Amino acid sequence: MDELSDGIKRLTVLPLAGFIVICLMLTYWQVVAAPRLEDAEENNRAERMRRRVQPGRLLTSDGLTILDARDTEEGWERVYADTEAFCHLTGYNPRSGLQKTLSDVFYAQNAYSHAWEDIVQGRPVGNDIALTIDGRLQQLAHRLMRGRRGAVIAMEPQSGALLVLYSAPAYDPVAITRSEEDYNVFTYDPEKPEINRPLQGMYPPGSVLKIFTAAAAIDAGISDPGAKLHCAGAERVAGTLVRCRRSGGHGTLTLRRALADSCNIAFAKLGNELGPDRFRRYVKGFHLLDAAKLPLPTSTGRMADFKGFKGEMQLAEASFGQGATLLTPMSIARLTATIARGGEVVQPFIVADVRTAGGRVIRQGEGRVLGRAISTETVQAVAGMMRSVVEEGTGSVADIAGLEVAAKTGSAQNPAGDPHAWFTCFAPAGNPSVVVTVIVENGGSGSGVAGPVAVAILRAALE
Ligand SMILES: [Zn+2]
């Protein structure tokens, strides 16, 4: 009997085990593997489409073709020109850079399709994309940043059109995809060339953020360029020890002088006087932490919330751009542009227009005004103070005959070594047409290292 019941048990256990195995396998294919398989299917479909359609070109505003296409036996293939200067814009394959985010435009899919024109052309052809980027300036940024890490941004403050969006170190999209080994070297490079620093790099802004604190304090009516502050060289402000770049201190100084000679203590005190609520309100008004809406991956900024027992200390530190504050170079460029364009915040843009192969413009880019951050009176006061930075302060590198530049320097302390060098500026000061923002990672002095790069770009842009 026992033997029999054992046999019956075995008979029931075996199918049960089989059933469980089948269930597990079904679960695996349906739940675990299915998204991956769908992705593969999607990739295959996209790949087939890419081979069949002649993709549009990517052009700079001065007519350089930075991404082209050639017909091969296996279908259409991408061709890169002047690879390194434009690598973070073109990307290195269909899953990176603008090739990824503007794929529908390049291949005339969905909202960008034009079936009739394809019939007229006799074959499917994508759309050309003209960028606002000035190829000559972008190439200059590439040359100036050779051997450095950092970012260069130039934009027109009135329209929001980006003229330069450059990230260093650059890479060669062709060389890194030549073999798996080349690609691995690129991916694991400790200098992280894949990061597009102007939009994704998160940096302590240091003293360039004093533009913001000065603007907020003046706009809120608690200070003006002639207001007196005091600096003893090293002081406790709201429980945190603040050191000034002048170890002996500035003594009594005006707000104008505090910005021109970049006094941390004066700004720590000013921020605390402004208080957390008003400080936060201006952060919002300037869209300081917001990511710029561009067709490339962009980081949002970070700042302490100024709440709890550390709140006052955090506020004092944020007022001169240190502590927990981390911003992208684009945030600083936009802050500078807000002063340059009279107090309104603009949404920058990079696509000038989209054209069909037949030359019909089907989309045009434009900057959008997001709102007013500060009054025009405040702008005048801050712009005048930024002019003093150049004429009698830390920004003398931009004191050029025949051109009035308004600027702010920064040397931002960070845990990764020497301070990051910042320089942000606009010109001509009376009627600004170009904003330039530069950061050189671990560059040390803002005026000495980032300043000359910014001035060279500014000069070339205004030629
Ligand atoms: Zn000082």
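Values computed for the structure shown
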quantity: Any hit, the range 423-436, residues being in contact with a Pro (Cβ under 9 Å, 6 or more places away or on another chain), at pLDDT below 95 and crowded, with 24+ Cβ neighbours inside 10 Å; calculated: no
quantity: Failed criterion for R302 (all others in (1) more than 16 Å from the ligand (Cβ to nearest atom); (2) buried (at least 19 other Cβ atoms within 10 Å of the Cβ); (3) under 27 Å from G444 (Cβ atoms) hold); calculated: (2)
quantity: Residue check, L58 closer than 23 Å to I439 by Cβ and either touching a helix residue (DSSP H, G or I) at 6+ places or on another chain (Cβ under 7 Å) or acidic (D, E) (or both); calculated: no
quantity: Only one of R50, R10, R45, R36 that is modelled with pLDDT under 95 and touching a strand residue (DSSP E or B) at 6+ places or on another chain (Cβ under 9 Å); calculated: R50
quantity: Any hit, the range 251-274, residues being away from the ligand (no atom under 14 Å from the Cβ), at pLDDT 95 or above, over 30 Å from D399 (Cβ atoms) and assigned to a loop (DSSP other than H, G, I, E, B); calculated: no
quantity: Filtered residues of the range 324-370 (kept if within 25 Å of A214 (Cβ to Cβ) and without any contact (Cβ under 8 Å) to a residue 40 or more places away in the chain); calculated: A324, G342, G343, E344, V369
quantity: E463 modelled with pLDDT under 95 and more than 19 Å from L326 (Cα to Cα); calculated: yes
quantity: Evaluation of K293 against (1) at pLDDT 95 or above; (2) in a loop (DSSP other than H, G, I, E, B); (3) within 17 Å of T338 (Cβ to Cβ) (one fails), failing number; calculated: (1)
quantity: Residue, nearest to V174 (Cα to Cα), within the range 91-126, restricted to residues that are surrounded by fewer than 21 Cβ atoms within 10 Å (Cβ to Cβ) and hydroxyl-bearing (S, T, Y); calculated: S96
quantity: Among the residues listed as I222, I211, the single one being away from the ligand (no atom under 13 Å from the Cβ) and part of a loop (DSSP other than H, G, I, E, B); calculated: I222
quantity: Considering residues of the range 229-238 that are touching a residue at least 40 places away in the same chain (Cβ under 8 Å) and within 15 Å of the ligand (Cβ to nearest atom) only, the residue surrounded by the most Cβ atoms within 10 Å (Cβ to Cβ); calculated: V237
quantity: Of residues in the range 391-404 being in a loop (DSSP other than H, G, I, E, B) and buried (at least 19 other Cβ atoms within 10 Å of the Cβ), the one nearest to the chain's Cα centre (by Cα); calculated: G395
quantity: Unique residue being in contact with a His (Cβ under 9 Å, 6 or more places away or on another chain), closer than 28 Å to T60 by Cβ and at pLDDT below 95 when the list is G358, G365; calculated: G358
quantity: Residue within the range 209-222 that is among the acidic types (D, E) and in contact (Cβ under 8 Å) with a residue 60 or more places away in the chain present; calculated: yes
quantity: Within the range 318-390, strands (runs of 3 or more DSSP E) holding 3 or more residues that are touching a Leu at 6+ places or on another chain (Cβ under 9 Å) and surrounded by 16 or more Cβ atoms within 10 Å (Cβ to Cβ); calculated: 344-347, 351-355
quantity: Condition met for N44 (over 23 Å from T356 (Cβ atoms), without any contact (Cβ under 8 Å) to a residue 12 or more places away in the chain and out of contact with any Gly (no Cβ under 6 Å at 6 or more places or on another chain)); calculated: yes
quantity: Pair list, Cβ < 7 Å and 6+ apart or interchain, from the range 115-132 residues that are free of Cβ contacts under 8 Å to residues at least 24 places away in the same chain to residues that are surrounded by 10 or more Cβ atoms within 10 Å (Cβ to Cβ) and outside any helix (DSSP H, G or I); calculated: D118/P124; D118/V125
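Residue-by-condition table, conditions (1) within 16 Å of G91 (Cα to Cα); (2) under 19 Å from the mean Cα position of the chain (by Cα); (3) basic (K, R); (4) within 16 Å of the ligand (Cβ to nearest atom):
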residue	(1), (2), (3), (4)
P169	yes, yes, no, no
N196	yes, yes, no, no
G201	no, yes, no, no
S207	no, yes, no, yes
A227	no, no, no, yes
T240	no, no, no, yes
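The values are calculated or read from the model by the stated rules, or taken from the named source; none is laboratory data. It should be emphasised that the depicted structure is a prediction, and the values quoted were computed from it without experimental measurement. Don't worry about glycine lacking a Cβ; one is built from the backbone with ideal geometry, like all the others, and counts go over all protein chains shown.
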